[in-house]
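Take a look at the structure below.
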Amino acid sequence: GGMEKIKQHTFALAHYTYTVLSNLKYANGAPVVRIYSDTDFSNPDVQGPIINFNVLDENGEVLGFSQVDSMASLHNIHVRTGCFCNTGACQMHLDITNEDIQRNMQAGHVCGDNMDLVDGRPTGSVRISFGYMSSFEDAQAFLNFIIATRLPKSDTEIPLQMVTKPMTEAVPDDDLSLNNADELSPVLQISDRELRNISSEAETTGRWLPPEPEAESIRAAVSETAVPTCRKGGKPITVANIYLYPIKSCSAFEVTEWPVGNQGLLYDRNWMVVNQNGVCMTQKQEPRLCLVNPSIDLKQKIMVIQAEGMDPISVPLEDNTGKEAVICESKVCSHRVKTYDCGERIAGWLSTFLGRPCRLIRQSSDVKSRSHQKNTKGLSSANISLSLVNEAQYLLINVASILQLKEYISARLKEPLEIEELIRRFRANIVISAPESFEEEEWAEISIGALQFQVVGPCSRCQIICIDQQSGERNKEILQSLSAARGRKTNFGIYLMNQPLLSSFPDILSVGSQVLPVLKENTEIQPPTSNEEKCSG
């Protein structure tokens, strides 16, 4: 039927989605989304089949686009996020000034990153697009996703009964009067009364809210601002667990003490598995990677790799740059990474276990490592090098925060969760035991023994936390529960960086070591001198 029919088909989908989306409301009447558009979606000659928007909470605050992207991926929906290579339109619709752009850059924001909010204001938005192959069911799936994640436990339904599926018959030229939505096609004949029913239904039923006492405890548990000025009972903060992940996205290797190198824990994420095209594989594409168990033997200078049903295999720790390959646009923050191949033997082992062609590669040590890009107070980014991690040298989580989240998720799932299972899902390097939940989010820097760390920022979680690290099974409720518990973000844990060591002898990070944090206001937290001392404010 040519481009005219394609235009009618795709615009019908966009108009339908726009109409329903713009009328979704929370129980308090607040809109679920804010749509950015120069038209009212009434004329396909001036409006393409795309919808640009941000998701809001009940108070009208924007949820970061990276959180929306993570949640959409759990529902097999692909969205585009950011500013879409159109800074001018982004500034206009998001009301971002030139000064705001400069401040965002100074805060470490760069094009293509996940820093979606700076001081609570969005740096970009979310976009969905419809094309020739898109269907009415695709639009339904997207709207179901928004309702399921923003209006859970409500009776809000997408108005199926008032919509006809997009036409496949030719549209007579006489019927192409496009002055208003009702004249476009039967697809778009949605009455004002029916749209009001959608809104009133959402307002009546609303989003499920826990009983008030539980709501108060949840708010206290996930508070992002309430930080104690002193410890309860004067309890010190200590390192509870140390994990490294020699092969990126594979199982953790737990240790009680471990050397610290210039890129973080020694041998942490020095290797990664790539597909036959040389692209990094993660648990997002291959959940069974979590069943690959690497361990490091420093005395024998080997990495031993084990998996159920497979004979153990070892890889030498000595660097071998004999065979090099350049991995372009990998999932390591889209950086080109200089690596070398670890050989046919281990490639065959991994391919057999995973059931697909793949290879093991290692970051080469004879070239300058990629450096950290974000501004970090007190650290020179030129001197900070990274292994094959995504964001920073270290990731830290707090057992107290895990416990609070565990209670919330268990209540939603109506089944108990083991604390060890949750800890492994969040794949941290350093697990601390602190008296207060989420107090780590107010730290600017910490010291552990002789090691000094700067806090780079919070870790925004993706769908990998939905994967049980012992079985490889997915449960998308985990990320949805984290999003519900944290409100506007899926943050959990903090990223740390430290300067390269000046000594030729590596420092050792040990379980049981005391952690001394410094607040963002540069006020050092000192434990009370006695258990009787009270907090002053």
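The values are calculated or read from the model by the stated rules, or taken from the named source; none is laboratory data. Model, not experiment: these values are computed from the prediction. When we count neighbours, we look across all protein chains shown, and the Cβ atoms used for this are built from the backbone with ideal geometry, even at glycine. The accessibility values were calculated without ligands, DNA or RNA, using every heavy atom of the protein model including side chains. Shrake-Rupley method; radii C 1.70, N 1.55, O 1.52, S 1.80 Å.
Some points to look at:
- Relative packing of peptides 280-287, 86-93 - highest average C-beta neighbours within 10 Å first: 280-287, 86-93
- Overall, the accessible surface of the range 3-150 at a probe of 1.4 angstrom is composed of carbon and sulfur to the extent of 50 percent.
- Subtracting the Cα-Cα distance of ASP45 and SER351 from 0.36 nm times their residue separation leaves 105.1 nm of extension gain.
- Percentage, to the nearest whole number, of Cα pairs in the range 275-319 over 17 Å apart: 48 percent
- Between ASP507 and GLN91, residue separation times 0.36 nm minus the direct Cα-Cα distance comes to 145.1 nm.
- In Å², nearest 10: area of THR10 left accessible to a 1.4 Å probe: 10 Å²
- Label-point gap, in nm, between ASP311 and ASP138 - each point 7 angstrom along Cα→Cβ: 4.9 nm
- Area projected by the alpha carbon convex hull of the range 3-150, averaged over all directions, nm²: 9.1 nm²
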